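What follows draws every value from the coordinates through simple rules; no lab data is involved. The structure displayed is predicted, hence computed values, not measured ones. We place every Cβ from the backbone using ideal geometry, glycine too, and count neighbours over all the protein chains shown.
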Amino acid sequence: MGIGFRIGVDVAAALAVGLGIGYLLDAWLGTKPWLLVVFFFLGAGAGVLNVYRAVRGMGYQVGLRHDGAHDEKDG
Amino acid sequence: MAAEAQHVAGPLEQFAIQPLIPLHVGRYDLSFSNSALLMVAAAVLVTLLMTASVKRGALVPSRLQSIAELMYEFVDGMVRDNAGKEARGFTPFVFSLFMFILLGNLLGMIPYSFTFTSHIVVTFALALTVFLMVTILGIILHGFHFFSLFVPHGVPKVLLVLLVPIEILSYLTRPVSLSIRLFANMMAGHTMMAVFAGFAVSMGVALGWAVGLLPLLLVIALTGFEILVAAIQAYVFAILTCLYLRDAIELH
């Protein structure tokens with residue numbers, strides 16, 4: 001449950017952040033639907049990136065001992 | 001069945017905020033709520049544990065002292081392994097964060113108490129603190145170079161137009177996913193316990209006590225599981241804080 005839930009949250013959070021930023025920018029700049037759409041896809045991309053990093057750094061991100069600094073930056 | 005049940009508490013009622021000492025300042029409701037009470041209790045308990053155990057500082061530790069020392073060494077090792085040696089100055093910060101969340105989760109397991117970590121406001125405030133601290137730390141340590149965190153290596157220049165916004169979004173996701181993870185775990189667990197406890201009552205009334213025993217047994221198992229989740233989630237929060245610290249300090 002732990003790992004699946006964590007990764008699911010990563011995707012959902014990235015989408016939510018993307019949508020939130022898009023919505024706020026739209027309201028601010030008055031470009032109603034467009035930035036929302038753009039940031040939806042950027043958020044989806046960020047979600048996939050989060051999952052990719054979480055899975056690649058698996059074992060080290062969940063807190064197992066990590067023995068060197070040769071990983072990519074986000075684990 | 002419904003006729004004799006005057007008021008069965010719904011599974012979500014345990015999360016209701018109740019003002020204990022009402023206080024309104026202007027438009028803001030600053031009442032001292034049950035949530036605030038539990039937060040104060042958690043902070044006070046941690047402080048008491050640490051001061052009471054350190055006060056005598058015996059070479060052969062008492063039970064209380066070895067609890068405190070074990071906890072501190074555990075967090076210290078976690079910071080050293082995950083955030084690197086330079087991050088050891090942040091051990092007290094990670095330790096207070098870890099203990100506060102752990103105590104909050106565990107105090108919430110006491111019947112009739114309240115789990116403040118089941119509210120996203122609380123967890124988001126904690127996560128935002130970590131996020132802002134790490135970002136400011138990175139900027140202080142590396143200056144403008146810190147923003148190279150958002151530029152992936154070995155990527156064609158054209159793709160950077162697309163990838164840099166995605167990296168920034170991914171970075172901004174951190175506080176959100178950190179807070180959702182803690183709050184959703186606590187809220188889901190406690191809701192599940194309340195739902196199964198409700199099953200135990202209603203199935204026991206409707207189908208006889210022997211059937212009602214089944215969900216009751218499940219609730220007992222879930223209680224153990226929830227204590228485990230309480231510890232694990234505090235640990236996950238602290239570990240991720242360490243990893244973010246490492247990002248800001250080492251900057252790949």
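Rounded, prolate or oblate: which one fits segment A:2-56, using the alpha carbon gyration tensor with axes a ≥ b ≥ c (rounded when a/c is under 1.5, else prolate when a/b beats b/c, else oblate)? Mind dumping the intermediate values first?
Working: a/c = 4.42, a/b = 2.80, b/c = 1.58.
Prolate is the answer for segment A:2-56, as a/c is 1.5 or above and a/b outweighs b/c.
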Karplus-derived 3J(HN,Hα) from phi for segment B:172-180 (6.51 cos²θ - 1.76 cosθ + 1.60, θ = phi - 60°), whole Hz, x at Gly and Pro, runs 5, 5, 3, x, 5, 5, 4, 6, 5
One finds, for residue B:121 and residue B:73 with R0 = 35 angstrom and r their Cβ-Cβ distance, a FRET efficiency to the nearest 0.05 of 0.60
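Please report B:244, B:72 as a ranked list, fewest other C-beta atoms within 10 angstrom at the top and most at the bottom.
Details: B:244 26, B:72 17.
Lowest to highest Cβ neighbour count: B:72, B:244.
At 222 nm, what helix-only mean residue ellipticity would chain B give, in deg cm²/dmol to the nearest 500, using -39500 (n - 2.57) for each DSSP H run of four or more?
On the way: 6 runs with 177 residues, N = 252.
Dividing the helical sum by the residues of chain B leaves -25500 deg cm²/dmol.
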Cβ density ranking, 10 Å radius, fewest first, applied to B:191, B:115 yields B:191, B:115
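Work out, in µm²/s and without decimals, the Stokes-Einstein translational diffusion coefficient of chain B at 10 °C, 1.306 mPa s, Rh from Kirkwood over C-alpha pairs. Please report the intermediate quantities before stating the final value.
Working: Rh = 21.1 Å.
Translational diffusion coefficient: 75 µm²/s.
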So the FRET efficiency between residue A:52 and residue B:213, C-beta based with R0 = 51 Å and rounded to 0.05, is 0.65
Listed by chain and number, the residues whose amide H is under 5 Å from that of residue B:32, excluding neighbours fewer than 5 places away on the same chain and using placed H, are B:20, B:21, B:23
Computed over segment A:2-56, the relative contact order (Cα-Cα under 8 Å, seq sep at least six) in percent reads 45 percent
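If packing is taken as the average count of other Cβ atoms within 10 Å, what order do A:3-12, B:161-170 fall into, highest mean first? Intermediate results must be reported in sequence, preceding the final value.
Details: A:3-12: 16.8, B:161-170: 18.3.
Sorting A:3-12, B:161-170 by mean packing, highest first, produces B:161-170, A:3-12.
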Here segment B:101-117 yields Karplus 3J(HN,Hα) values (6.51, -1.76, 1.60; θ = phi - 60°; whole Hz; Gly and Pro given as x) of 5, 4, 5, x, 5, 6, 4, x, 7, 6, x, 6, 8, 9, 9, 6, 6
Chain B: relative contact order from alpha carbon pairs under 8 Å, six or more residues apart, as a whole percent, is 25 percent
Averaged over the residues of B:159-170, the number of partner chain Cβ atoms within 10 Å of each residue's own Cβ comes to 5
With 0.36 nm assigned to each residue of separation and the Cα-Cα distance removed, residue B:128 to residue B:202 gains 22.5 nm
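Can you put A:17, B:219, B:54 in order of Cβ neighbours within 10 angstrom, beginning with the fewest? Intermediate values should be presented prior to the final figure.
Values: A:17 25, B:219 19, B:54 13.
Arranged by neighbour count, lowest to highest, A:17, B:219, B:54 become B:54, B:219, A:17.
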Over all pairs of different Cα atoms in the protein assembly as shown, the reciprocal of the mean inverse distance gives a Kirkwood radius in Å of 22.3 Å
